[in-house]
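Have a look at the structure below before the remarks.
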Amino acid sequence: MDTIRTNLSIIHQRMEAACRKAGRDVDDVRLLLATKTVPAERIAFALECGEALIGENKVQELKEKNEALRPYNYESHFIGHLQTNKIKDVLKYVTCIESVDRLDVARKLDQRLQFEGRSIDILVQVNTSSEESKFGIDPAEAIPFIREIAKYDTLAIKGLMTIGLFSAEEEKVRRCFRLLNNIRQQVVEEGIANVEMRELSMGMSGDLEIAIGEGATIVRVGTAIFGRRIYPDSYYWNESKR
Ligand SMILES: *Cc1c(COP(=O)(O)O)cnc(C)c1O
């Protein structure tokens, strides 16, 4: 558990250094704990260390850990691939869905939210690395998609999310994050009703500095806090594409 505390402090130092370098306020970037496969006790420990935002990739894991984490005050986002048959469940556990990337998901979310008489925050996931294996809407289709789903007043569009390219070449990674920020700016300029573009969720264990330099407001970090996972990320990122 002490490792978690140490790792968290290292991540916050990295975030602060990146903010300083980019001339940004540290309070403008939130740390989201990416907690897939992490047992509830370890998440609880991170929350006791002062963290307040977690992200899960599977509805099943949200459900399993919910009880143990009930005593804590925290916010929960969904960051995984959302299947339409899980929509009713996911809405029980999260305040924001960061991974909206398909019309059928938006439509089914709207139907369910209408039924419940409420709305939810969402981010639109964009596939900025154009890798076949990753979810997210194609960058060229992002703006038409946002125009389309802005019609659903149950969906409060708060910004964009992306998973950058996994590459040791910093410039290639940076290009992904810059593209997301460009799309954000274009959407802002269009002034689409019902659309806010204040969040850019981008940057993970290996590339959070680059993401902060390009305007990230949420960085999603798992491995650098909780250690290596036993499942490959492909298990979470492209289950329907295998
Ligand atoms: C797992 C995951 C992360 C965190 O990745 P790490 O490399 O472990 O920091 C971020 N975003 C999403 C969508 C993830 O699935």
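Quick notes on this one:
- Most fluctuating residue given options 157, 212, 143, as computed from a GNM of the chain linking Cα atoms under 10 Å: 143
- For residue 100, nonlocal amide neighbours, meaning residues 5 or more places apart or on other chains whose placed amide H falls under 5 Å from its own, are 123, 125.
- FRET efficiency, residue 114 to residue 48 (Cβ-Cβ, R0 51 Å, nearest 0.05): 0.85
- Note on the range 2-222: dipole from Cβ charges, positive end direction compared against 12, 33, 119; the farthest Cα belongs to 119.
- For residue 186 and residue 153, the difference between the fully extended length at 0.36 nm per residue and the C-alpha to C-alpha distance is 9.8 nm.
- The range 17-65 and the range 112-156 have Cα centres separated by 22 Å.
- Build a GNM of the chain with springs between Cα atoms under 10 Å apart, and of 142, 168, 216 the one that fluctuates most is 168.
- Couplings 3J(HN,Hα) for the range 100-109, derived from phi with the Karplus relation 6.51 cos²θ - 1.76 cosθ + 1.60 (θ = phi - 60°), are 6, 9, 9, 5, 5, 5, 4, 5, 6, 4 Hz, where x marks Gly and Pro.
- Contour minus Cα-Cα distance for residue 168 and residue 103 (0.36 nm per residue): 20.1 nm
- Which of 154, 35, 223 has the fewest Cβ neighbours within 10 Å, and the rest in rising order: 223, 154, 35
- Dipole magnitude for the chain: computed about the Cα centre from +1 point charges on Lys and Arg Cβ and -1 point charges on Asp and Glu Cβ, it is near 400 debye.
Bear in mind these aren't lab numbers, they're just calculated from the coordinates by the rules spelled out. These numbers come from a predicted model, not from an experiment. As a convention, Cβ positions derive from the backbone with ideal geometry for all residues, glycine included, and neighbour counts pool all protein chains shown.
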